[in-house]
Amino acid sequence: MNSQKLVIIVFAFLIISGASLGLALFFFSDTAIVNVHLDGENVTVTSLSIPSGVDTKAMENEIREYTYREMNTVESNLTTLKSGISVIAGRHFKNVEVNIESQFGKDQIPMLIKVTGTSMLPTIQDGERLILLKTQDVEVGDLVAVIDPEYGGLMKRIGKIEGDKVFLSSDNSGSPAYIENGTFQHMVSVEKWTDKSNIVGVAKIRNIWRDIDCYGS
């Protein structure tokens with residue numbers, strides 16, 4: 001092979017490679033992969049993209065703030081979280097892929113809550129903070145946070161499960177006394193049936209004593 005043919009081949013290779021690279025840049029410059037890691041207290045966001053005039057750091061910060069709010073909101077779930085992140089990234093990229101990871105695994109959302117009251121003594125102390133796994137997939141014996149239509153936020157143990165109903169029980173079987181207006185009063189622990197759909201999540205990590213107020217029960 002003479003030098004002239006070699007030059008032509010190399011030149012052709014460079015043209016083809018350049019065209020392929022340009023085509024790849026054309027397609028992937030409109031695509032972002034957003035990776036979010038959350039643990040109930042912190043959120044980390046990284047994005048993979050070929051930015052074309054996009055301030056990806058500002059986008060990541062907005063996603064981080066949004067995710068933190070949603071993570072510790074009772075009504076949010078995996079679908080609403082991913083949808084909101086897609087909307088934020090979708091302002092800059094046509095194609096968005098969102099990946100959620102937590103200490104509980106892929107597509108699992110934690111939530112930090114604060115427990116008030118003594119109905120779960122000695123298991124959970126008044127004022128104790130813990131981290132839930134947001135799920136309604138529960139078993140008898142699980143410690144769960146519930147938004148009950150009658151009593152509001154409750155932290156209870158699952159005593160029984162019958163179909164779509166769960167029985168909420170208290171670990172503190174006594175009737176704690178306290179003083180109100182100079183007289184002794186007794187607090188009766190709530191124990192009742194409620195719909196499984198009212199469950200916010202299952203307690204997974206306990207004894208967090210940081211000064212953070214997210215949820216009362």
Query raised in the report: Which residue out of Gly127, Gly159, Gly152 is within 17 Å of Ser173 (Cα to Cα) and small (Gly, Ala, Ser)?
Result: Gly159
Query raised in the report: Quick check: anything in the stretch 73-88 of a type in the set (Lys, Arg), within 30 Å of Lys156 (Cα to Cα) and surrounded by 14 or more Cβ atoms within 10 Å (Cβ to Cβ)?
Result: yes
Query raised in the report: Which residue out of Asp126, Asp137, Asp213 is surrounded by fewer than 14 Cβ atoms within 10 Å (Cβ to Cβ), under 24 Å from Asn77 (Cβ atoms) and at pLDDT below 90?
Result: Asp213
Query raised in the report: Do the conditions hold for Ile131, that is, is it over 23 Å from Val36 (Cα atoms), among the hydrophobic types (A, V, I, L, M, F, W, C) and outside any helix (DSSP H, G or I)?
Result: no
Report task. Go over the candidates Thr46, Thr67 one by one and state the one that is under 27 Å from Ile208 (Cβ atoms), of a type outside the set (A, V, I, L, M) and more than 12 Å from the chain's Cα centre (by Cα). Result -> Thr46
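The values are calculated or read from the model by the stated rules, or taken from the named source; none is laboratory data. Source: prediction; values computed, not measured. So basically every Cβ, Gly included, is an ideal-geometry build from the backbone, and we count neighbours across all protein chains shown.
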